[in-house]
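Asker: Here it is: the structure, laid out below.
Throughout, read-outs are computed from the coordinates displayed, never taken from laboratory work. Fair warning: this is a prediction, and the values are worked out from it, not measured in the lab. Note that we place each Cβ from the backbone using ideal geometry, even for glycine, and neighbour counts take in every protein chain shown.
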Amino acid sequence: MTFELPKLPYNASALEPFISAKTIEFHYGKHHQTYVTKLNGLLPGSAFENATLEEIIQKAEGPIFNNGAQVWNHTFFWEGFSARRGTSPSGKLLQLIEQQFGSFDEFKTKFADAAVNLFGSGWAWLVLKADGSLAIVQTGNAGNPLRDGHKPLLTCDVWEHAYYLDYQNRRPDFLAAFWNLVDWDLIAARLG
C-alpha cells in the first residue's frame, strides 16, 4: 500500500492569524509529507507492506510505527480544524465534557495544561474510553491512544514544528490560539 499526503480541508491561509500559511507550508507541506515519504520507503518487503495506518499503529514498532503514527496523527490534527470561527461543543459531546470535567471552560483548562506541560515533543488528546467516559491523555513523540484502546476525538500537536514559526517558545500562546480553530461539529461526529 502506498500512502499519500491527504489534502487539507481548507486553503493554507484559512487558519490565519492563529496558524500562518508559512507554518502550514512547513508543518503540513514538509514535516507531514516527510513522514508519508519515509513510511512509503520503509513498507516494501516488511510485514506491514499492505497494512492500514491503524494496523501499523496497533502492531508496528520502531521507524514503521513512528512514521505511520505521525502520518495518522497529523492527518487527524489537520482535519480537526475549520476555517469557521467560534464554534463550540453541543449535544452529547458537551454533556460528556460537562459530566467528566465540570464545564467546557474547565475542560479547556485541563487540556491546555496537558498540552503545555507535556515534556518534550508529543500530543495532547481528548479520547473516548471503552467505558464511554472522556479522558485527556498525553503521548510522547509519535504516540497514539489507539494503542491503548481509546478512540481519539481531538488532538493538539505540541512538537515545536507545530508552533515555533508563529509562537516561538510560547507553547501556552499556541494553545490559546488552538481553541479558535477547533471544528466542534467534526469532533462531535467522531463520537460515532
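Asker: What is the packing order of peptides 84-90, 146-152, 35-41, taking the mean over residues of other C-beta atoms within 10 Å and listing the highest first? It would help to have the intermediate numbers written out before the result.
Answerer: Working: 84-90: 12.3, 146-152: 15.1, 35-41: 17.7.
Highest to lowest by the protection proxy: 35-41, 146-152, 84-90.
Asker: Something else about it: Under 5 Å between amide H atoms, partner at least 5 residues away or on a different chain: which partners does Thr87 have, H built in plane at 1.01 Å?
Answerer: none
Asker: Using the basic label-point model (7 angstrom from Cα toward the beta carbon), what is the Arg85 to Trp179 distance in nanometres?
Answerer: The two pseudo-label positions are separated by 1.5 nm.
Asker: Give me the Å³ per residue figure for the convex hull around the C-alpha atoms of the range 34-148. Show your work: numbers first, answer last.
Answerer: On the way: hull volume 14.9 nm³, N = 115.
So the per-residue hull volume is 130 Å³.
Asker: Which residues does the label zone of Leu94 cover in the range 152-192, counting backbone N under 15 Å from a point 7 Å along Cα→Cβ?
Answerer: So the set is 184-189.
Asker: Within a Cβ distance under 14 Å of Ser82, other residues only, what is the Lys/Arg minus Asp/Glu net charge?
Answerer: Numbers: positive: Arg84, Arg85, Arg190; negative: Glu16, Glu79, Asp183, Asp185.
Residues near Ser82 contribute -1 overall.
Asker: Points 7 angstrom from Cα along the Cβ direction at Ser103 and Glu4: gap in nanometres?
Answerer: With each label point 7 Å from Cα toward Cβ, the separation is 4.7 nm.
Asker: Only bridges whose two residues both fall in the range 59-181 count here: according to DSSP, what percent of them are antiparallel, nearest 5? Can you show the working numbers first?
Answerer: On the way: 13 of 13 bridges.
Within the range 59-181, antiparallel bridges account for around 100 percent of the total.
Asker: Regarding the range 21-79, what are the three Cα extents along the principal axes, ordered largest first, in Å?
Answerer: Projected onto the principal axes, the Cα atoms of the range 21-79 cover 38, 19, 17 Å.
Asker: Given Cβ point charges of +1 (Lys, Arg) and -1 (Asp, Glu) and nothing else, what value in debye, to the nearest 20, does the dipole of the chain about its Cα centre take? If you can, show how the numbers build up before the last one.
Answerer: Details: 16 positive and 20 negative charges, 17 e Å.
Once rounded to the nearest 20, the dipole reads 80 debye.
Asker: Just to confirm my numbers, what's the Cα centroid distance between the range 60-83 and the range 162-192 in Å?
Answerer: 15
Asker: Within the set Lys7/Lys108; Lys59/Lys92; Lys22/Lys59; Lys59/Lys108; Lys110/Lys151, which residue pairs have Cα atoms separated by over 30 Å? Kindly include the intermediate steps, with their values, before the conclusion.
Answerer: On the way: Lys7/Lys108 28 Å; Lys59/Lys92 32 Å; Lys22/Lys59 35 Å; Lys59/Lys108 32 Å; Lys110/Lys151 19 Å.
Cα-Cα > 30 Å for Lys59/Lys92; Lys22/Lys59; Lys59/Lys108; rest within.
Asker: Bin all alpha-carbon pair distances of the chain at 5 Å intervals from 0 and give each bin's fraction as a whole percent.
Answerer: For the chain, the pair-distance distribution reads 1, 8, 16, 20, 21, 17, 11, 5, 1, 0.
Asker: Kindly provide log₁₀ I(q)/I(0) values, in the same order as q = 0.14, 0.18 Å⁻¹, from the Debye equation applied to equal alpha-carbon scatterers of the range 91-189.
Answerer: Here the Debye-derived log intensity ratios amount to -0.51, -0.84.
Asker: What net charge is computed for the residues neighbouring Phe48, neighbours being all others with C-beta under 14 Å from the C-beta of Phe48, Lys and Arg scored +1, Asp and Glu -1? The partial results should precede the final answer.
Answerer: Values: positive: Lys38, Lys59; negative: Glu49, Glu54, Glu55, Glu61.
Within the 14 Å Cβ shell, the charges total -2.
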